[in-house]
Amino acid sequence: MNDPRRALPSVHVLLEQDGVRALAERVPRGVVADAVRAAVGAARAAPEGAPMSSAAWVADITARLASSERPTLQPVLNATGVVLHTNLGRAPLAAAAINAIADVARGFSSLEYDLTTGTRGSRHVHCAALLRELTGAEDALVVNNCAAALVLALNTVADGKEAVVSRGELVEIGGSFRVPDIMARSGARLVEVGTTNRTHADDFRRALSPRTGAIVAVHRSNFTVEGFVAAVPLRDLAALADGAGVPLLHDFGSGLLLDLAPWGLHGEPTARDAVATGASLVMMSGDKLLGGPQAGIILGRAALVDALRRNPLARALRVDKLTLAALHATLQLYREPARAVREVPALAMLTVAVDVLRARADALVALLAARGVTARVMASEATVGGGAFPSARIPSCALALAGDATRHDRALRDGALPVVGRIADGTLLLDLRGIPHAEDARLAAAMCEACAP
Ligand SMILES: *Cc1c(COP(=O)(O)O)cnc(C)c1O
């Protein structure tokens, strides 16, 4: 019998093929050789699927090379209907923020240099004034993300002491953020009070002792509880903490800076509300409803924020200049709320009228039909995502692509500009709420590419 392995060409022979030599003119030879070895290895493992002709070998090697050159971190179109999708990078940045990043990235900057005095400055000054202005906080500090903010705050005020928290708030926010685990790592000893559904002021009162370092309140970002429930209002918790002489740390999360009730999104407090309830420190993310870069923003009492800044951990959790540039530019847009709603992409996407989405969907369906792709317009419901407005359903509009949903879904994810949609009842739905109008042409092109036979 023939051993199919004998039929495989050697790496050396393949490297001498014209098509493969052409690749080596563009890409380092070692990289091409790796692709050739991978092709031969795959053929050896699955001889029945091995390329037969020399053209097929070249095509296989070219494809392997292309995929090894393609970054794993790629831009995608978010057609999931979840606007702030943590797996898809949360908030897209405003043009002003992108420009600010480019400006600062290109050369040197005044990151830690005081241009007035010509001496060493602090990176902590760059966003603090705007954050104070926009939230009413006495002072502000920016770190890597909200999880880092919580660790830094707890470590500063409650290392080796007790942190009292309601059992109803020991929650998991994202795949890797569990409040009890994060709290334990900060050096604070967790003291749980109340029950999953009900916690009363007396539960907190009984837990307070000279060992208490902080009371912690965690915003229920990504879920709601209904029925026989009770929680202590933040204002009362702040008074309780004040009376006991310990800080109240409020893990607030969303970073919402504007009331979105005029657009039908009710029930989430703004950062200004959170600060006004009297928590000593309020912690939130930069890349959720604030619509900026990944960051953890700490707002609160000046003396406490200063203590956090002086904690050596702050050095390990600090943000870089690109983040500060983007955050500053994003915050600046909020000085004019109407401008923020227009120019912060997350806000623009959440507030655009469904009629506008429907008109875009109609135009896309006609455009696709002209190119032989069948889709229809479907009413849909989008969600905010990113741990905010957990029960809000925003009227939206989707393209339903005719044909094999699983195959199209895969092809769309494999395309030059990957599109991530969702399959419902066997139909692939591409929700337009998370797709900027300016991307419609590229969405259509991606759909045509995916549907090509
Ligand atoms: C999202 C969220 C976090 C985690 O924020 P990251 O910026 O992802 O670290 C923590 N707490 C709450 C309440 C949140 O909503």
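The values are calculated or read from the model by the stated rules, or taken from the named source; none is laboratory data. Since the structure is predicted, the reported quantities are computational estimates derived from the model, not experimental observations. Reconstructed Cβ throughout: ideal geometry from the backbone, glycine too, with neighbour counts over all protein chains shown.
Quick notes
- Taking the stretch 37-61 as the range and being under 37 Å from the mean Cα position of the chain (by Cα) and crowded, with 20+ Cβ neighbours inside 10 Å as the test, the residues that pass are 39, 60, 61.
- Residue in the stretch 107-119 that is in contact (Cβ under 8 Å) with a residue 24 or more places away in the chain, under 29 Å from the mean Cα position of the chain (by Cα) and over 22 Å from residue 304 (Cβ atoms) present: yes
- Residues of the stretch 342-362 that are of a type in the set (A, V, I, L, M), assigned to a helix (DSSP H, G or I) and either at pLDDT below 95 or within 19 Å of the chain's Cα centre (by Cα) (or both): 346, 347, 348, 349, 350.
- Residue within the stretch 125-132 that is modelled with pLDDT of 95 or more, under 22 Å from residue 186 (Cα atoms), surrounded by fewer than 24 Cβ atoms within 10 Å (Cβ to Cβ) and away from the ligand (no atom under 16 Å from the Cβ) present: no
- Considered as a group, the residues in the stretch 317-345 that are of a type in the set (Lys, Arg) and touching a residue at least 60 places away in the same chain (Cβ under 8 Å) include one that is nearest to the ligand (Cβ to nearest atom), and that residue is 318.
- Residues of the stretch 171-190 classified as part of a helix (DSSP H, G or I) and either within 11 Å of the ligand (Cβ to nearest atom) or not hydrophobic (A, V, I, L, M, F, W, C) (or both), total: 5
- The stretch 149-167 - residue that is small (Gly, Ala, Ser) and surrounded by 22 or more Cβ atoms within 10 Å (Cβ to Cβ) and, of those, farthest from residue 319 (Cα to Cα): 166
- Filtering 392, 416 for residues that are surrounded by 14 or more Cβ atoms within 10 Å (Cβ to Cβ) and either in contact with a Phe, Trp or Tyr (Cβ under 7 Å, 6 or more places away or on another chain) or in a loop (DSSP other than H, G, I, E, B) (or both) leaves a single hit, 392.
- Summed over the stretch 247-267, residues that are crowded, with 22+ Cβ neighbours inside 10 Å and either over 18 Å from residue 84 (Cα atoms) or at pLDDT below 90 (or both) total 5.
- Any pair with Cβ under 6 angstrom, 6 or more apart, that starts in the stretch 186-208 at a residue that is more than 20 Å from residue 227 (Cβ to Cβ) and of a type in the set (A, V, I, L, M, F, W, C) and ends at one that is at pLDDT below 90 and part of a helix (DSSP H, G or I): 190/180; 190/183
- Helices (runs of 4 or more DSSP H) contained entirely in the stretch 1-87, each with at least 3 residues that are more than 30 Å from residue 417 (Cβ to Cβ): 11-15, 29-45
- For the stretch 114-124, the count of residues that are within 12 Å of the ligand (Cβ to nearest atom) and buried (at least 19 other Cβ atoms within 10 Å of the Cβ) is zero.
Rundown of residues vs (1) within 16 Å of the ligand (Cβ to nearest atom); (2) part of a strand (DSSP E or B), yes/no style:
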| site | (1), (2) |
| --- | --- |
| 141 | yes, yes |
| 154 | yes, no |
| 163 | yes, yes |
| 168 | yes, no |
| 192 | no, yes |
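- Residues satisfying the stated conditions in the stretch 414-438, i.e. farther than 20 Å from residue 366 by Cα and either within 16 Å of the ligand (Cβ to nearest atom) or free of Cβ contacts under 8 Å to residues at least 60 places away in the same chain (or both): 414, 415, 416, 423, 424, 425, 426
- Within the stretch 366-394, tally of residues that are among the polar types (S, T, N, Q) and free of Cβ contacts under 8 Å to residues at least 40 places away in the same chain: 1
- Filter pass, residue 279 being more than 22 Å from residue 345 (Cα to Cα) and surrounded by 20 or more Cβ atoms within 10 Å (Cβ to Cβ): yes
- So residue 377, is it in contact with a helix residue (DSSP H, G or I) (Cβ under 6 Å, 6 or more places away or on another chain), assigned to a loop (DSSP other than H, G, I, E, B) and crowded, with 17+ Cβ neighbours inside 10 Å: no
- Only one of 122, 110, 67 that is under 28 Å from residue 186 (Cβ atoms) and not acidic (Asp, Glu): 122
- Selected residue [under 27 Å from the mean Cα position of the chain (by Cα) and loosely packed, with under 14 Cβ neighbours inside 10 Å] from 100, 91, 79, 95: 95
- Among strands (runs of 3 or more DSSP E) entirely within the stretch 197-316, having at least 1 residues that are within 28 Å of residue 338 (Cα to Cα), touching a His at 6+ places or on another chain (Cβ under 6 Å) and within 15 Å of the ligand (Cβ to nearest atom) singles out 248-253, 281-285.
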